[in-house]
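Notes follow once the structure below has been shown.
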Amino acid sequence: MREEPSLTAPDPKTRPGTAVAEMFSAIAATYDLLNHVLSLNMDRHWRNVAVKELAASPSDLVLDLCTGTGDLAFTLVRRSGARAVGADFSRPMMDIASRKARRTGLSLPLAQADALALPFRSGAFDAVMVAFGVRNFEDLGGGLREMARVTKPGGKLAVLEFSSPKDSLFGAVYRVYFTRVLPMVGRLVSGRGGAYAYLPATVADFPAPPAFASRLRQAGFEVKAQRPLTGGIATLHLCQRTGAEPISGFSGTVAP
């Protein structure tokens, strides 16, 4: 497939919101396929782990921020029975989520929204979750503060994000795959090679778990756990919104 020349990948350091939204809109049609293929289906496992650890109850209202095509929200609804609301800034991505909802009969109200200015009242949600989205925030601190604002005091947060494996043979092999093989396959399938070169660049620029934990605390969350998954390819960050008595609800230890 020929590379489409009309789309320039965003600068992975500044991540201007409009450009990031345009990039995700351009790859929406092949997004799910490439997620599954390029992760060797580990993305499904990671979402299942995140939902299990969030341990939402059927009465909970949960915001799936950066919902994309809705996979995390649908996993939550199926596994926990909780009510989910999806928010994303890419209309083509949410159009796919809407079609999935109609096809499966699952309810997923959707809102096109900027993560830095969410159209929800303060404390509207019992929990917030986001998978592979926070590293795309143009303003990381601002996005985390908005997530804290819409989470009720004592509510829960689960952030699933890519991370860099520690130095090892596995880490070295993974970095070659991530920086060379993944962009090539992404270009061949989607015709948007720049988008899949943008991905490893944003992961490399994202704060390591200890630094990200500090940013979460500054935004108003207590960090309960940071669990590496699949050798540290991804990390699940589990938090509680400050301002209330501690609550139970996070489930047991996550196996990598």
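Nothing in this text is a laboratory measurement; each read-out follows from the coordinates by a stated rule. Predicted, not measured: the structure shown is a model, and the values here were computed from it. Every residue, glycine as well, gets a Cβ built from its backbone with ideal geometry; the counts of neighbours run over all protein chains shown.
When the trypsin sites (Lys or Arg not before Pro) in segment 129-236 are filtered for DSSP coil states and for at most 16 other beta-carbon atoms within 10 Å of their beta-carbon, the remaining sites are Lys166. So which of Lys100/Lys166; Lys13/Lys100; Lys52/Lys152; Lys13/Lys52; Lys100/Lys156 end up more than 29 Å apart by C-alpha? Over 29 Å Cα-Cα: Lys100/Lys166; Lys13/Lys100; Lys13/Lys52.
What shape does segment 163-241 have by the C-alpha gyration tensor, where a ≥ b ≥ c are the square roots of the eigenvalues, rounded means a/c under 1.5, and otherwise prolate means a/b greater than b/c and oblate the rest? Since a/c reaches 1.5 and a/b is larger than b/c, the shape of segment 163-241 is classed as prolate. In the elastic network of the chain, a GNM with C-alpha springs shorter than 10 Å, the most mobile of Ala234, Ala211, Ala29 is Ala211.
Between Ala131, Ala101, Ala172, the Gaussian network model of the chain with springs among Cα atoms under 10 angstrom shows the greatest mean-square fluctuation at Ala172. Assuming a ≥ b ≥ c are the square roots of the Cα gyration tensor eigenvalues, decide whether segment 17-146 counts as rounded (a/c under 1.5), prolate (otherwise, with a/b larger than b/c) or oblate. Rounded, because the longest to shortest axis ratio a/c is under 1.5. With just the Cα atoms defining each centre, how far is segment 154-208 from segment 90-136? Give it in Å. Cα centroid to Cα centroid, the span is 22 Å.
Of all DSSP beta bridges confined to the chain, the antiparallel ones make up roughly 45%. Look at the Cα gyration tensor of segment 34-90: its axes a ≥ b ≥ c give a/c of at least 1.5 with a/b at or below b/c, and that counts as oblate.
Highest GNM mean-square fluctuation among Val173, Val37, Val77, for the chain modelled with Cα contacts below 10 Å: Val173.
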